[in-house]
Amino acid sequence: MQLMSDLSPVDGARVLADLNALRAIGAYKTGVHKPTFSHAHMQSLGWLVEQLAGAELAASIDGIGNVLGTSAKRGAKILAGSHLESQNYAGWLDGPLGVVYAIEAARVINPDQNIDGAVEVAAWCDEEGHFGHFLGSRSYVGDVSERDIDAARDRNSDRTMREALSSVGLAGRPRALAERGRHIGYLEAHIEQGDRLESGGLAIGIVTSIVGIWQYRITFVGEQNHAGTTRMEIRKDAGLALAKFCVAIDDRFPKLCGPRTVWTTGRIALDPGAPSIIPGRADMLFQIRDDDPAVIDRLERKLETMAADFTARGPCIVTLERIRTGTPALMDRRFQDAIEAASNSFAGGRSAHMPSGAGHDAQILARIMPAGMMFVPSIGGVSHHWSENTDDADIVTGAEVFVDACRRLLGG
Ligand SMILES: [Zn+2]
């Protein structure tokens, strides 16, 4: 297939310059450090508001730190964006890539009178979860109460979200709510944060679904005792039971899981956690991700049986508690088709359908409107680290595909 990059209305140098302008705010090595409501984050939001004015969008920051640029143009509207805060000492593209692509789409499409519609731009606050869990996009879809905000605290400093909002001058501002029916859907671009595209020589990932995340606390109760005087035969070592349980999961899950299921024991705690005391209690935080609820169901039932078996055999009591349920979000078929057609035109068809193993704001927006997501390659699959990067050529190709997908969805 013939590449049509020379036909794209996208200004690749402008896209790269915008991304580098955002990288210069809160720079850390080759990445950035922009926790939610930090000076660098707020400066980035200010930068965005200025850019949106230049793209014929009316923009403001709302009471939870979302930036929304709205268009007065007639016709269909597509909402596009991502986020501008970062994980601590992390990469420059996680979030800004999707925001800058959205700005570029607005710049190209909104003044074009041959397209009966416009691109509106959003930067969702706190996608990275410094204070909560997708607080900005959840607020927009009506899923965050004032009490949720009262309860939210910065996971690093314990500062309350109310204090943070007031220190950056957002306290008391109204929060923007989605206007039902205003948008034909939401489109988000993001770096892949994995190595599938790079290793396959591909330029574009067409996201089919965003996995759900299920989380469990598994608790082991034995008997705390002296590590020197308690004979091995009579011990009820909760730490040892936990270790055996982890090994048993790794032995049994592969026979029941789906092709892309992943599971992780992210935290283990032994109580009291001292070298000369047999732990009387232990617990682990265990997470499963998949885009098929039937697979999760199977694995959860397996965990329940294993807990019951371990308890029956002794010497420790094992209990399983589900602490988070995540519904996978399916990406809209029409959006996937538009990304694929745009990839055929501007990326030589080097695209593949794939699920997203990471969470994104698109999964929240998908609750109220059709949503789509596309990925560009991450060098070495690295993300959530300052060295995160993507080839400039891939960034530009991604922008061309993104803008063309928006144009197709708007019927241009
Ligand atoms: Zn992100």
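The values are calculated or read from the model by the stated rules, or taken from the named source; none is laboratory data. A quick note: this is a predicted structure, and the numbers were derived from the prediction, not measured. Backbone-built Cβ (ideal geometry, glycine too); neighbour counts: all protein chains shown. Remember, those area values only see protein heavy atoms, side chains included, never the ligands or the DNA or RNA. Shrake-Rupley method; radii C 1.70, N 1.55, O 1.52, S 1.80 Å.
Here are the numbers:
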item: Solution diffusion estimate, µm²/s, Stokes-Einstein, segment 257-412, Kirkwood Rh from C-alpha pairs, 25 °C, viscosity 0.890 mPa s; result: 126
item: Separation in nanometres of the label points that stand 7 Å from Cα toward Cβ, at Asn20 and Glu163; result: 3.9
item: Rotationally averaged projected area of the chain (alpha carbon convex hull; nm²); result: 21.9
item: Note, ³J(HN,Hα) from phi for segment 370-380, Karplus 6.51, -1.76, 1.60, rounded to Hz, x at Gly and Pro; result: x, 9, x, 9, 10, 10, 10, x, 9, 5, x
item: Gyration tensor over alpha-carbon atoms, segment 1-136, equivalent ellipsoid semi-axes in Å; result: 26, 18, 12
item: Burial order of peptide ranges 63-72, 45-54, 360-369, 297-306 (average beta-carbon count within 10 Å, highest first); result: 360-369, 63-72, 45-54, 297-306
item: Percent breakdown of C-alpha pair distances by 10 Å bin, ordered from the shortest bin, for segment 121-207; result: 13, 38, 25, 18, 5
item: Rounded percent of accessible protein surface that carbon and sulfur make up, segment 1-91, 1.4 Å probe; result: 55
item: Relative packing of peptides 159-168, 18-27 - highest average C-beta neighbours within 10 Å first; result: 18-27, 159-168
item: Length gained when the stretch Asp112-Arg74 is fully extended (0.36 nm per residue, less Cα-Cα span); result: 12.5 nm
item: Zone of Arg267's modelled label, taken as backbone nitrogen in segment 149-176 under 20 Å from a point 7 Å along Cα→Cβ; result: 151-161
item: Alpha-carbon gyration tensor eigenvalues x 5, square-rooted, for segment 99-165, Å; result: 34, 13, 8
item: 222 nm mean residue ellipticity, helices alone, for the chain (DSSP H n ≥ 4; -39,500 (n - 2.57); rounded to 500); result: -10500 deg cm²/dmol
item: Mean-position separation - Cα centroids, segment 115-174 and segment 261-327, in angstrom; result: 32
item: Between segment 40-79 and segment 188-207, the alpha-carbon center distance in angstrom; result: 27
item: Percentage relative contact order, segment 285-412, counting C-alpha pairs under 8 Å, at least six apart; result: 25
item: Mean Kyte hydropathy of -1.0 or more with a Cα span along the axis of at least 24 Å, helices from DSSP in the chain; result: 293-313, 392-409
item: Candidates Gly280, Gly372, Gly91, ranked by Gaussian network fluctuation over the chain, Cα under 10 Å, top entry; result: Gly280
item: Segment 113-194, accessible surface, carbon-and-sulfur percent (1.4 angstrom probe); result: 43
item: Mean Cβ neighbour count within 10 Å, used as a protection proxy, ranking 385-397, 174-186 highest first; result: 385-397, 174-186
